[in-house]
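The values are calculated or read from the model by the stated rules, or taken from the named source; none is laboratory data. Computed from a prediction, not measured in an experiment: that's the story for all the values here. Cβ: placed from backbone, ideal geometry, glycine included. Neighbour counts: every protein chain shown.
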Amino acid sequence: MAKEKDDLKKKLNSMQYHVTQEDGTEPPFDNAYYNNKKPGLYVDVVSGEALFTTNEQYDAGCGWPSFTKPIADVKENFDERYGMRRTEVRSKHANSHLGHVFNDGLPEKGGMRYCINSAALRFIPVEDLKKEGYEAYLKYFK
């Protein structure tokens, strides 16, 4: 277990490690993807598992990337840390902390808002999906 953590500390920058492994939160409006407008796929920065597309991303005004739904199964856990009652979102395979899901999203899209830390994600633009090994996800952008 210690070796795995050491390997992750070498692979990830300090914010990525803090968010995904220590259940941290990055600053709002000061992160890579909160206002991304380029089409593409977001994957778990730890495992590479596909999580969200920009088709479901919208500006919720919160300062973090927000999505109406994931494209893959994610884990949801009840979270009462910091005196709040929330639902935490984690990646299924790597168990990376991604962010939280709230029921104050777009009503016409199901009402859920997946508020996700950019530091937990790696963005792959549509034009790079094939060369990065994510060709199967091109179907989301046709």
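Taking residues in region 88-102 that are at positive phi, and partners anywhere that are assigned to a strand (DSSP E or B) and among the hydrophobic types (A, V, I, L, M, F, W, C), the pairs with Cβ atoms closer than 9 Å and at least 6 places apart or on different chains are GLY99/VAL89; GLY99/CYS115; GLY99/ILE116. Please indicate, with yes or no, whether at least one residue in region 25-46 is more than 16 Å from PHE123 (Cα to Cα) and surrounded by 15 or more Cβ atoms within 10 Å (Cβ to Cβ). Yes, region 25-46 contains a residue that is more than 16 Å from PHE123 (Cα to Cα) and surrounded by 15 or more Cβ atoms within 10 Å (Cβ to Cβ).
Test GLU76 against the criterion of being of a type outside the set (Val, Ile, Thr) and in contact (Cβ under 8 Å) with a residue 60 or more places away in the chain, and give yes or no.
Numbers: of a type outside the set (Val, Ile, Thr): yes; in contact (Cβ under 8 Å) with a residue 60 or more places away in the chain: no.
In short, no.
Here is the figure for region 119-128: residues that are surrounded by fewer than 23 Cβ atoms within 10 Å (Cβ to Cβ), in contact (Cβ under 8 Å) with a residue 60 or more places away in the chain and part of a helix (DSSP H, G or I) total 2. Looking across region 82-124, the residues that are under 15 Å from VAL19 (Cβ atoms), in contact with a strand residue (DSSP E or B) (Cβ under 8 Å, 6 or more places away or on another chain) and among the hydroxyl-bearing types (Ser, Thr, Tyr) come down to SER91, SER96, TYR114. Scanning region 16-42 for residues that are polar (S, T, N, Q), part of a loop (DSSP other than H, G, I, E, B) and either in contact with a helix residue (DSSP H, G or I) (Cβ under 8 Å, 6 or more places away or on another chain) or within 20 Å of SER91 (Cα to Cα) (or both) gives THR25, ASN31, ASN36. Between ALA50, ALA72, the distinction of being loosely packed, with under 15 Cβ neighbours inside 10 Å, within 22 Å of GLY133 (Cβ to Cβ) and among the hydrophobic types (A, V, I, L, M, F, W, C) belongs to ALA72 only. Of all residues in region 4-15, those that are outside any helix (DSSP H, G or I) have Cβ atoms under 7 Å from Cβ atoms of residues that are of a type in the set (A, V, I, L, M) and at pLDDT 90 or above, 6 or more apart or on another chain, in LEU12/VAL45.
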